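Q: Below is one structure. I have some questions about it.
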Amino acid sequence: MERFNLTGKVALVTGGNGGTGAGIARGLLECGAAVVIAGRNVEKNKAMVAELQTLGPPVSAITMDVTEERQCQAAVRETVQRHGRLDILVNNAGINNGKPPQDLSLAEWHQIMNTNLTSAFMLSQAAYPEMEKAGVGKIIKYRLNGVISCVTRNAGLWREQSHPVWGGHARRRGRRTIFRSIRFFLATSTQT
């Protein structure tokens, strides 16, 4: 099957050292993109780079914590230093401790939100200037339900599409998702 051609493009994939992120990194490499995978675990990063190197295009890893703003900025900067550009950012990193919402401590809640949501904001914010300079770019957010959200930079469109209502939109979508999760756990609870 012929896939689309990403030769000459550079992608940064968070959570790229395993699971869905590794599959995304593999797909990007198979389409010709150079890929930088980002993850917290040095050994998993090394193992995934070794596995993916056989696919041809350059692949490397950055060890980072996506909840740290400076590390998000450094990951984008390092990707550009290695490859001269950044065309695709895949915000894939995410965690779930498996607890129902009513059993989460506030610290656990913050860790999940910082990993799953705030990190995507920080990485997208760091990537934006590089993509703006190039005049093109894609920022992708993968969600656990298999839905992929994508913002594309082409002819200056993304600023106009998302800027005026971003905060309100994120708040509404976040609340909707939280309450769906709570409703699910309450509906499936065996406690009376």
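The values are calculated or read from the model by the stated rules, or taken from the named source; none is laboratory data. None of the values given here were measured: they were computed from a predicted structure. All Cβ positions, glycine included, derive from the backbone under ideal geometry; neighbour counts span all protein chains shown.
Q: With (1) among the hydrophobic types (A, V, I, L, M, F, W, C); (2) over 21 Å from Ala134 (Cα atoms); (3) modelled with pLDDT of 95 or more as the list, and Leu117 as the residue in question, which single condition is left unmet?
A: (3)
Table: residues versus (1) at pLDDT below 95; (2) buried (at least 17 other Cβ atoms within 10 Å of the Cβ).
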| site | (1), (2) |
| --- | --- |
| Ala38 | no, yes |
| Asn41 | no, no |
| Glu51 | no, no |
| Gly56 | yes, no |
| Thr67 | no, yes |
| Ile88 | yes, yes |
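Q: Evaluate the following for Ala127: is it part of a helix (DSSP H, G or I), in contact with a helix residue (DSSP H, G or I) (Cβ under 6 Å, 6 or more places away or on another chain), under 24 Å from Gly19 (Cβ atoms) and of a type outside the set (S, T, N, Q)?
A: It is true that Ala127 is part of a helix (DSSP H, G or I), in contact with a helix residue (DSSP H, G or I) (Cβ under 6 Å, 6 or more places away or on another chain), under 24 Å from Gly19 (Cβ atoms) and of a type outside the set (S, T, N, Q).
Q: With Gly94, Gly137 as the choices, which residue is surrounded by 13 or more Cβ atoms within 10 Å (Cβ to Cβ), at pLDDT below 90 and within 12 Å of the chain's Cα centre (by Cα)?
A: Going through Gly94, Gly137 in turn, the sole match is Gly94.
Q: Would you pick out the residues in segment 1-40 that are under 14 Å from Asp87 (Cα atoms) and either touching a Ser or Thr at 6+ places or on another chain (Cβ under 6 Å) or in a loop (DSSP other than H, G, I, E, B) (or both)?
A: Asn5, Leu6, Thr7, Gly8, Lys9, Leu12, Cys31, Gly32, Ala33, Val36
Q: Among the residues of segment 1-60 satisfying the criterion of being of a type in the set (Gly, Ala, Ser) and closer than 19 Å to Val136 by Cβ, which is nearest to the chain's Cα centre (by Cα)?
A: The qualifying residue nearest to the chain's Cα centre (by Cα) is Ala11.
Q: I've got another one for you. How many of the residues making up segment 28-49 are of a type in the set (Gly, Ala, Ser) and in contact with a Leu (Cβ under 6 Å, 6 or more places away or on another chain)?
A: Residues that pass the stated criteria total 2.
Q: Going by what's in this entry, would Arg159 be described as among the basic types (Lys, Arg), in contact with a strand residue (DSSP E or B) (Cβ under 9 Å, 6 or more places away or on another chain), surrounded by 11 or more Cβ atoms within 10 Å (Cβ to Cβ) and modelled with pLDDT under 55?
A: yes
Q: State whether the residues of segment 121-128 include one that is out of contact with any strand residue (DSSP E or B) (no Cβ under 8 Å at 6 or more places or on another chain), buried (at least 20 other Cβ atoms within 10 Å of the Cβ) and within 27 Å of Gly8 (Cα to Cα).
A: yes
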